1. Compute the angle between helix 398-428 and the longest alpha-carbon principal axis of the chain, please, reported from 0 to 90 degrees and rounded to the nearest 10.
2. All other residues with a Cβ under 14 Å from the Cβ of residue 366 taken together, and with Lys, Arg as +1 and Asp, Glu as -1, what is their net charge?
3. Relative contact order for the chain using alpha-carbon pairs under 8 Å, separation at least 6, rounded to a whole percent?
4. Of the accessible area of the chain, with the probe set at 1.4 angstrom, what percent is carbon plus sulfur?
5. Longest span of the chain, sites excluded, free of GluC sites (Glu not before Pro) in DSSP loop with at most 14 other C-beta atoms within 10 Å?
6. Any idea how far apart residue 274 and residue 328 come out in nm if each label point goes 7 Å out from Cα toward Cβ?
7. Can you work out the Karplus-derived ³J(HN,Hα) for every residue in the stretch 139-147? Use 6.51 cos²θ - 1.76 cosθ + 1.60 with θ = phi - 60°, whole Hz, and x for glycine or proline.
8. Work through the residues other than residue 73 whose Cβ is under 11 Å from its Cβ and net out their charges, Lys, Arg +1 and Asp, Glu -1.
Amino acid sequence: MSETLVAQLPVGPAEPAERAPTDWRTQSMQRRIRQRYAAERRFRLLGMAAVVLSAGFLAVLLVTMVYNGASGFLRTEIALPVDFANAGLTVDPARLKGPGADLALAGAGVENATKTAAIAAFGPQGSDLLSDGAWLSVRAAIKRDPAIMRGRSIVWVPASDAIDIAAKRTGSPENEAIVAHFKQRNAIATGFNWPFLTASDSNDSTRAGIWGAFKGSLFTMIVTLLIAFPIGVLSALYLEEYAPRNRWTDLIEVSINNLAAVPSIIFGLLGLAVFLGTFGLPRSAPIVGGLTLALMTMPVIVIAGRNAIKGVPPSIRDAALGIGASPIQVVFHHVLPLALPGILTGTIIGMARALGETAPLLMIGMRAFISAPPAGLSDPSTVLPVQIFLWSDQIDRGFVEKTSAAIIVLLVFLLAMNGIAIYLRNKFETRW
């Protein structure tokens, strides 16, 4: 009986059966290989098509903006002969020296003298050829050289919108004929529009500038960064390194993730109710805009910061603790510097979103007509996206090119801000 049982036991492991070599020459195998190669080619073609389509849309956007906005950086001026000696200006040239020159010229009749000179030089409709702010150029010429008030002088003044468009592009036949007539007399010139970069908003498109909105955006972004970045980074460090794992921490994490997806106008309503309604902060001020955008940007920085901190290898923490570093030294001397590139990436995304936002700033009143750039964080101001929105709603054709030019300024501002952040990210980036 025992000999029978021993005979039935396996002597050793069974040898696996040899697998027959694949015959790559069969029709079914060749068909599957062709299908795989065809699928790979289709995938590559789809990827290339997606890249080309994206690049095409970007190129169309940039070409359209540059084509429509390039003329916004140019201004047409007309040579206006002014007989100051007989213009009836009631001002003493001696009072034009010093800071009180504007006050002395306020009631001197410079605007009427400019209109009279235009009618005398160009006919009954001469004043229509000049911008509404042409007299400001005459006033500036008097301030530069009060001696011109003793005789006759030629002052270059901005042309009207219709003449400006006809000189830079294509206008009506009448305006093009006027431009051709001025060119024959060398009395018209088109050059860089410096007031567009140095002036603020105006009802006259020839005097409208972007400096006030640019300065308001700069102040608003500074407030947003100073509030959102440190609070967001410290929140990410606490949640990832110190916070206990319980239901309250899970609730906070879910809330942060939900806040990152909340529509921006909700933050505008929150800023309106809290910062303006409760704390009574000044309306249309960069400090209120910065606080509102900081609330919107902070969840993005917290999420990016937590992911960057998680990406730091645990061996870094163990090595630092092993050589005697305290937990706070581990965090601020080792973990945070290594996670900083990822944190800056999230900051770039959040700040870029904040720079282009309009809805929350409209809710806190930053859509007012501001004719002077803000001098501080509490002065009334507007921002570039809101300024673009306001100009796009104007009927005047001169504001169309100003809108595209302002978009170019906004893109340059965004690229400069992102370039600085990318430089800092690459500088602190560590590879392991």
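1. Once rounded, one gets 40 degrees.
2. On the way: positive: 215, 283, 367; negative: 201, 357, 379.
Result for the local shell: 0.
3. Over the chain, the number comes to 18 percent.
4. 63 percent
5. 19-428
6. 2.7 nm
7. 5, 5, 5, 5, 5, 5, 9, x, 5
8. Values: positive: 75, 168, 402; negative: 401.
Its environment carries a net charge of +2.
The values are calculated or read from the model by the stated rules, or taken from the named source; none is laboratory data. Bear in mind that the values here come from a model prediction, so they are computed numbers and not experimental data. Note that each Cβ is placed from the backbone with ideal geometry, even for glycine, and that neighbours are counted across all protein chains shown. Heavy atoms of the whole protein, side chains included, go into the accessibility calculation; ligands, DNA and RNA do not. Shrake-Rupley method; radii C 1.70, N 1.55, O 1.52, S 1.80 Å.
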